[in-house]
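This report concerns only the one structure given below.
The values are calculated or read from the model by the stated rules, or taken from the named source; none is laboratory data. Not measured: the values here are computed from a predicted model. Here the Cβ is made from the backbone with ideal geometry for all residues, glycine too, and neighbour counts use every protein chain on show. These area figures cover heavy atoms from the full protein model, side chains too; ligands, DNA and RNA do not enter into them. Shrake-Rupley method; radii C 1.70, N 1.55, O 1.52, S 1.80 Å.
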Amino acid sequence: MSVPTDLRYTRDHEWVRLSDDVATVGITQYAADQLGDIVFVELPEAGRGLEGSRAFGVVESVKAVSDLFAPVAGEVIETNDALSGSPELVNSDPYGEGWLIRLRITDPSEPADLLDAAAYDALIAAG
């Protein structure tokens, strides 16, 4: 399984794409594979403030219901509305069309705590 090198990662198997003070967040291919077919995604509304490492939504698959955790603190500026009608996008294109939310980051130093691709690969390998 390939782990894109241009992203940052959490130990909860979420990815973050940084662009200035905006973070696009999704779940990794590894997480999507572990969950199985995703049938429902619950996301916060735009304008909601999120605390880092706190639950912000839910992803439901045929196997399990799992909380989603904010990788950084910030304000939700956009949610992926396409997921309400096509939650399977998280499985088929987790790093593209299957993104979850976009946040305006509160603390610009916070993303430094995220894993790079090599560290995330090691995390997966360790099981």
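Under 12 Å from a label point set 7 Å out along the Cα-to-Cβ vector of residue 126, no amide N atom of the stretch 21-59 is found. Between residue 110 and residue 62, take the C-beta separation as r, use R0 = 22 Å, and let me know the FRET efficiency to the nearest 0.05. That pair, residue 110 with residue 62, gives E of 0.05.
If you take all other residues with their beta carbon under 12 Å from the beta carbon of residue 124, and give Lys and Arg +1 and Asp and Glu -1, the sum is -1. Against the empirical curve 2.2 N^0.38 Å, the C-alpha radius of gyration of the stretch 44-113 lands at a ratio of 1.14.
Ranked from largest to smallest solvent-accessible area, with a 1.4 Å probe on the protein heavy atoms, 101, 124 come out as 124, 101. Computed log10 I(q)/I(0) for the chain at 0.13, 0.17 Å⁻¹: -0.46, -0.81, from the Debye equation with unit scatterers placed on every C-alpha and solvent omitted. Less than 9 Å Cβ to Cβ from residue 80, Lys/Arg counted +1 and Asp/Glu -1: what total charge do the surrounding residues give? Neighbourhood net charge equals -2. Other residues whose C-beta falls under 10 angstrom from the C-beta of residue 18 contribute a net charge of -1, scoring Lys and Arg +1 and Asp and Glu -1. Put 15, 99 in order of accessible area, highest first, and with a 1.4 Å probe you get 99, 15.
Note on the stretch 1-56: Cα-Cα pairs beyond 14 Å make up 63% of the total pair count.
Spin-label model, residue 92/residue 118: points 7 Å from Cα along the beta carbon direction are separated by 3.6 nm.
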